[in-house]
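Notes to accompany the following structure.
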Amino acid sequence: MKKVTLMALIIMLSAIWSSPGYASNTSIINGKLVQGRTLVPIRELSAVLKAKVIWNEKSKTVTITQESTAIVLTIDSKHVLLNGVDMEIDVPAQLLNNTTYVPIRYVTQVLGGTIKWETDVAVAVISVNDMQIRVLTQTDSKSNSSQIPQQTIETFVQKANEAADLSKITQVRTHFKAYVTDSFINKLVQQKGLVYKTPFTEKFYANTYGSFGSITQSSFNADRTAFAIERRIIVKFIDGKWLVDDIEFTTLYP
């Protein structure tokens, strides 16, 4: 049996430790998927991006500075200040479980980074100079903040999945009449179903405003060429009951 020298052993162990897993310049942080957008804890993101963060409890603002760039975000507001210029973003910074979360795409791009997504594992990848950040997403825990009964929402989600492919439904109008408006039935018949045929089984988010409402789900499996697809079930309160009036799809990005 051959003897293994100390130097050979060190070389072998180094190879074992360095071969699998991520590179030493890769960080992993947990984000949240809120209303179809990826939010990340600002403290963790700024630490990796080497940016300075100042929290103002009184004004509920978070200021991020990196070299000559300064971003001021206000909790629950879509208005931000970028080097003193007022701008609007699609999703505001949020305070979740006493942690400040900010929209990953806006903050990263402003600070000079780029984003790509790995659809097979639902991971957003941030690249800044020689650094890489992998963001694992989790859905927000708040589900139904609407006036629509839970059972009705679950039925609408089920019917939306059934409407994706009408080939197995012989009497389309009869099948959906109790749940959708006549105009949407006509649209379904004309389109022969929905654009995306994959059932959406992910957690839903329901909201209402007056006699209108929406039920939103985000799927990472509906389209492999996109980060995620958002399905929005549009509902109306007509003659004492809620009915599905349309279903829209939106391609989401991190």
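Determine whether the stretch 204-211 contains at least one residue that is at pLDDT below 85, part of a strand (DSSP E or B) and under 15 Å from the mean Cα position of the chain (by Cα). Yes; the residues of the stretch 204-211 include at least one that is at pLDDT below 85, part of a strand (DSSP E or B) and under 15 Å from the mean Cα position of the chain (by Cα). Restricting attention to the stretch 146-173, the residues that are in contact (Cβ under 8 Å) with a residue 24 or more places away in the chain, more than 18 Å from residue 196 (Cβ to Cβ) and not polar (S, T, N, Q) total 2.
Summed over the stretch 173-197, residues that are more than 14 Å from residue 244 (Cα to Cα), among the β-branched types (Val, Ile, Thr) and crowded, with 16+ Cβ neighbours inside 10 Å total 0. Which one is modelled with the highest pLDDT among residues in the stretch 114-142 that are among the small types (Gly, Ala, Ser) and part of a loop (DSSP other than H, G, I, E, B)? Taking the candidates together, the pick is 122. Of the residues 174, 198, the single one that is part of a loop (DSSP other than H, G, I, E, B) and closer than 18 Å to residue 158 by Cα is 198.
So in the stretch 153-172, with the set limited to residues that are among the β-branched types (Val, Ile, Thr) and surrounded by 18 or more Cβ atoms within 10 Å (Cβ to Cβ), which one is farthest from the chain's Cα centre (by Cα)?
Going through the stretch 153-172, the residues among the β-branched types (Val, Ile, Thr) turn out to be 153, 155, 157, 169-170, 172.
The next check asks that each one be surrounded by 18 or more Cβ atoms within 10 Å (Cβ to Cβ); those that pass are 153, 157.
Working: 153: 21, 157: 19 Å.
This residue is 153.
Residue-by-condition table, conditions (1) more than 19 Å from residue 131 (Cα to Cα); (2) at pLDDT below 80; (3) outside any strand (DSSP E or B):
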{"position": "29", "(1), (2), (3)": "no, no, no"}
{"position": "55", "(1), (2), (3)": "yes, no, no"}
{"position": "62", "(1), (2), (3)": "yes, no, no"}
{"position": "71", "(1), (2), (3)": "yes, no, no"}
{"position": "77", "(1), (2), (3)": "yes, no, yes"}
{"position": "87", "(1), (2), (3)": "yes, no, no"}
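Could you check the stretch 177-193 and list, in sequence order, the residues that are more than 22 Å from residue 152 (Cβ to Cβ) and among the β-branched types (Val, Ile, Thr)? Across the stretch 177-193, the qualifying residue is only 189.
The values are calculated or read from the model by the stated rules, or taken from the named source; none is laboratory data. Not measured: the values here are computed from a predicted model. Cβ coordinates were reconstructed from backbone atoms using ideal geometry, including for glycine residues, and neighbour counts include every protein chain displayed.
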